[in-house]
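Engineer: Mind looking over this structure? Questions follow.
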Amino acid sequence: MAQAAKQQELFDRYPEGFPVRTPGAIQSHGFLLAVNPTTFVIEHVSQNVSSYLDQTAEKLLGESLHFIFSEQQILDLEAILNKQFHTPQTHHFAIEVQGKQCCFSALMHQIEELLILELEPTEAKSKQNIASFQEVLEDALMQMQQVTYLRNLLLFFVEKIRHLTGFERVLVYRFDRDGVGIIEAESKAEHMTSYLGLHFPNVDIPVSARELFQMNALRLISDVEDEPIPLLALNDSELLDLSYAILRPPSPCHVQYLQNMDVAASMVMPLIKDGQLWGLINCHHSSPKHIPCDIRTACVFLGKLMCLELNNKLNYTELQAQKQQQAYLSEFIEAIAQADDLQTALTEPDQTLLALIDAHGAAICLDGEITCIGKTPEIKDIRDFLSWANSKIENNIFYTEALAEEYLPAENFQAIASGIFLLQISKVRQYSILWFRPEVSQTIKWAGEPEAQLVKNDDGDLELSPRRSFEVWKETVHHRSLPWRDSDIKIALELRSSLVGIVLNKADELANLNLELQRSNKELDSFAYAASHDLQEPLRGIYNYANLMIRDYPDALEEEGVKRLATIMKLTQRMQSLIEALLYFSRLGQTEIKRQVTDLNVILSEEMNLLQLNHEQAITEFVIPRSLPIVKVDPIVIREAFSNLLNNALKYNTQSHKLVEIGYLAPDDDEFGVIAKEHHIKNQFIYYVKDNGIGIRDRHLHKIFTLFKRLHGREQFGGGTGVGLTITRKIIEHHGGTIWVTSDYGKGSTFYFTLNTSCSEKAAAEISDPDDFQKKNGG
C-alpha cells in the first residue's frame, strides 16, 4: 500500500533513537540479576535490588549468587542450566529477607553467555491455585475446539483473556501484508473507546518492535509513568541485551503513544501462524495494573493454545480455497498435457485460466506472440509492461495490487488492470502468463489520521511523534485491486512447475522421435543408394538388348515391333534419369556438409552466366537489390540449390521478359518481422528467389517438394524428373535451415529459405582478395 510505504520511508529516515534492546534500565515491579552461568558471579544488577533484599546493588555486584541463594537453590539452578533451555523458564525461590522467608518468581533466560534472572515478589504457590488455573485452561481448550468460525474464535479469546486478567480492553490486532494493523475482535468495558474494525498505520508497530513481539511470549507494561530503574555493571561499557526480558522498559515514544490513547498499563501476546507474526493480543487498562507471574503463565499457555487453533482455522479456510484452485489446476494441466499446441491449450477453455487465481483477464505470451482472454489492456500496453517488468521479476513472479503506483503508464488502463500478476515460465523463450484484476475502490477507517507527525526535540532535531488523536479518520482508496493471496502465489508457481515439466517431457519425446527419424532416414538413404545403384545394371541391359534387336533384326521386326522397342529404350532412358536423381538424392543424406567461408555473390554470378547462355533466345533479367552476405556453407551443394531455384524460375515462365529477383531480408529490415514471426525465424537472414513466372495454385503448394512430383505433363516446360526442389530442400535442411514458397497463380512465385548460419567479421576478413577467393572456389 502506498500509504504504508510512505510511512515506512519516513520512519526509516527518522528512526527512534531509544535503544530498545539495550535500554540500560528495567521496570520497577521486580529486580534483575545477570550472572556468569559457570561461576554464578553477578555481573549486572538493577539499582532497586535493595527494595526487595537486604543488600545494595553496589554490594552484590561482583559477588556470587551464593550470597543470596541457598546451596540447594544453586543446585536447582545448575540443574535447569544443564537442560540447555531455549525459551525463558519460570522458577520460584524463597529468599530470607530481614529474618523472613519471602517468595519470588524468577523468569530465567540465557543471552550472550549470561544467565539473566528477573525476580518479582509473589505469593507461595498453592495446590488450589494450580488446580484453578488448570481448570480454566482445560475449559478454554474445550470451548475453543467447539468454535467453528475464525471471527467467533477471536472473540472468544479476547473475552477469555479479559476475564482472566481483568484488563478493561482486549483486542486482536492483525497485520496485513504491508504491516498495517486491523482490529479483528474486541472485548471492552463500557467506558473504553472501541477500535473494532479500525486500521493502524504500519509505523505504529515498526518492524523492530514486531521482531521483539515475535521473540517474546508476553510483554507487560504495568505503569507507563513508571520511572525506569538503572542497571549497574561490572564493566560500565558493557550493555546488557534485554530482548527477552519481561522487565524491559518501554521507549519514551511508546509511552507517549499509550498515554495519547488514555492507556496506563498494557500487555501484549503474539499470535504466530506458520512461524510468522500474524497478529497480536493487545490488552489495555486506564490505570496502572500489574499482572502476577502465575496469571501471566496461564495467559502464555492460553496464547499458545490460541495459536494452534488459529492455525487450524486459517489453514482450514485456506485449504478449502486451495482445493478449488487445485481442481482448476488439475483440469488445466491435464488439458495441456494432452494438447499438441501449448498456446491453444493455455487459452481453451479460457475460464479455467481466469478462475485459477480469480482474475478478470489474462494474457499468454509465447515467443513474443500475445493471446488475450477476458478483460485486458491493449496488446501494445502489455508489451510495454513486459519490457518494464523484466527487471522486476523475482523468483519467476511479479505482482502488485496498485500497478500505477510503480508503473505510471498503467494509469491508462487501471480500470481493468489495477492489479497484475506476472508469471515467468521461460526467460529465454519469453514464455509468460499475466493475470489482471480491475480497480476496486474502498473506504478505510483509520484510528486517527495515519500521517506521521514530525516534531523538534530538545536538541532541535526532527523526530517522529505519536499522533495525539485516535478519532476515526476515513480514507477512500482508489486505483487498487483486490489483493493477491498467498494461495494465488502458490498455485501460480505450481502451474509454472507443471508447465516446465510438460515442456521438458515433450522435448524428450521430440528428441527421441528425432533420433528415431534420423536413424530411419539414414537407413532409407542407404537403401535408396543401394537400390538405385543395383538397378542401373539390369536397366542398361534392357536398353542395350532393345537397341541390338532394332539394329540386328530390322527385317524380322514389323514396323509396330520397332516402335515398341524404341518406346522401351525411351522408357529405360527416363528410368535411368530417375535412378540417377535418386542416387544423387540419397548421397546427399549420407554425406556431411563441409562448411567454409563462401561468397554467395560469386556462386550466384556464375550460375546466372550459365543460365543466360542456355536461354539466349529469351529476354532474361536478374535483379539483385544488394550484395548477398558472406557465410559459412558447403559451396558445392549450395551452388546446386541456387541452380535448381534459378533454373525453375526461368523454366516455368512463359513471359517474353523473364524477371528473377534474388535477395535476402535481415532482422532489422521492415519486412523481416512479419515473415519471421509466421515461420518462427530468429536472428537469421531470410534468402529469397522471386520470379514472374506461371505461379502455383494454393492446393499444390504442399506438394512441390515431394520426390518425383511434377505438376505438369512429362514433356511440358522441358520435362524433368521432379526431384530438383526435393534435392534443394534436403540441401537447405542439411544446413539446419528451412524452405517454403508463396505464390500468386499466374503472376509468379517466391521461394524463401534460411541457412542457419551467419558470417562473423573474422570469417569475412578471410576473403582479403576477391580474385584469389574466386580462384579457390572455381571462379
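The values are calculated or read from the model by the stated rules, or taken from the named source; none is laboratory data. These numbers were taken from a predicted model, which means no experiment stands behind them. FYI the Cβ positions are ideal-geometry reconstructions off the backbone, even for glycines, and counts take in every protein chain you see. With ligands, DNA and RNA removed, areas are computed over all heavy atoms of the protein, side chains included. Shrake-Rupley method; radii C 1.70, N 1.55, O 1.52, S 1.80 Å.
Engineer: Report the trypsin sites (Lys or Arg not before Pro) located in segment 659-702 that are in a DSSP loop and have at most 12 other Cβ atoms inside 10 Å of their Cβ, or state none.
Structural biologist: Passing sites in segment 659-702 are 682, 697.
Engineer: Same structure, new question: Using only the heavy atoms of the protein chains and a 1.4 Å probe, how would 437, 496 rank by accessible area, largest first?
Structural biologist: Final ranking, largest accessible area leading: 496, 437.
Engineer: Residue 594 to residue 619: FRET efficiency via 1/(1 + (r/R0)^6), r the Cβ-Cβ distance, R0 51 Å, to the nearest 0.05?
Structural biologist: The formula returns an efficiency of 0.85 here.
Engineer: Rounded to whole Å and sorted largest first, what semi-axes of the equivalent ellipsoid does the C-alpha gyration tensor of segment 25-121 yield via the square root of 5 times each eigenvalue?
Structural biologist: 19, 15, 13
Engineer: Please give the contour-minus-distance gain from residue 67 to residue 90: 0.36 nm per residue of separation, less the Cα-Cα distance, rounded to one decimal in nm.
Structural biologist: 6.2 nm
Engineer: Give me the distance in nm between label points sitting 7 Å out from Cα along the Cα-to-Cβ direction at residue 352 and residue 747, one decimal.
Structural biologist: Distance between the two pseudo-spin positions: 4.3 nm.
Engineer: May I pose another question? Which FRET efficiency, nearest 0.05, do residue 683 and residue 251 yield, Cβ-Cβ r, R0 51 Å?
Structural biologist: For residue 683 and residue 251, the calculated efficiency is 0.25.
Engineer: Something else about it: Provide the gained length on full extension for the span residue 233 to residue 698, in nm with one decimal, where the gain is 0.36 nm per separating residue minus the Cα-Cα distance.
Structural biologist: 157.8 nm
Engineer: Residue by residue through segment 423-439, which ³J(HN,Hα) values in whole Hz follow from phi under the Karplus form 6.51 cos²θ - 1.76 cosθ + 1.60 (θ = phi - 60°), with glycine and proline marked x?
Structural biologist: Values per residue, Gly and Pro as x: 10, 8, 8, 8, 6, 5, 7, 6, 9, 7, 10, 10, 10, 10, 10, x, 5 Hz.
Engineer: Taking the Cα-to-Cβ direction at residue 395 and at residue 494 and moving 7 Å from each Cα, how far apart do the two end points lie in nm?
Structural biologist: 1.6 nm
Engineer: Related question: What FRET efficiency do you get for residue 627 and residue 671 if R0 is 25 Å and r is their Cβ-Cβ distance, rounded to the nearest 0.05?
Structural biologist: Taking R0 as 25 Å, the efficiency between residue 627 and residue 671 is 0.90.
Engineer: Run a plain Debye calculation on segment 149-224 (Cα atoms as equal point scatterers, no solvent) and give log10 I(q)/I(0) at q = 0.24 Å⁻¹, rounded to two decimals, same order as the q list.
Structural biologist: -1.34
Engineer: Per-residue accessible area for residue 691 at 1.4 Å probe radius, Å² rounded to 10?
Structural biologist: Roughly 20 Å² of residue 691 is accessible to a 1.4 Å probe.
Engineer: Going through segment 371-412, which trypsin sites (Lys or Arg not before Pro) have at most 10 other Cβ atoms within 10 Å and a DSSP loop state?
Structural biologist: Listed in order of number, the matching sites amount to none.
Engineer: In the structure shown, do any of 563/658; 427/690; 83/188; 632/677 have a Cα-Cα gap over 30 Å, and if so which?
Structural biologist: 563/658; 427/690; 83/188
Engineer: I would also like to ask the following. Hey, what did segment 25-121 get for relative contact order, percent, Cα under 8 Å, at least 6 apart?
Structural biologist: Once normalised by length, the contact order is 29 percent.
Engineer: Calculate one ³J(HN,Hα) per residue across segment 326-335 by plugging θ = phi - 60° into the Karplus curve 6.51 cos²θ - 1.76 cosθ + 1.60, and present them in order as whole Hz with x for glycine and proline.
Structural biologist: For segment 326-335, the Karplus-derived couplings read 5, 5, 4, 5, 4, 4, 5, 5, 4, 5 Hz, x marking Gly and Pro.
Engineer: Could you pull the accessible area for residue 745 with a 1.4 Å probe, rounded to 10 Å²?
Structural biologist: Around 120 Å² of this residue is reachable by solvent.
Engineer: If you don't mind, another one. How far apart, in nanometres, would the label points at residue 80 and residue 563 be if each is projected 7 angstrom from Cα along the Cα-to-Cβ direction?
Structural biologist: With each label point 7 Å from Cα toward Cβ, the separation is 12.5 nm.
Engineer: With a cut-off of at most 16 other beta carbons within 10 Å, and DSSP calling the residue loop, which GluC sites (Glu not before Pro) in segment 155-202 qualify? Please list them.
Structural biologist: 190
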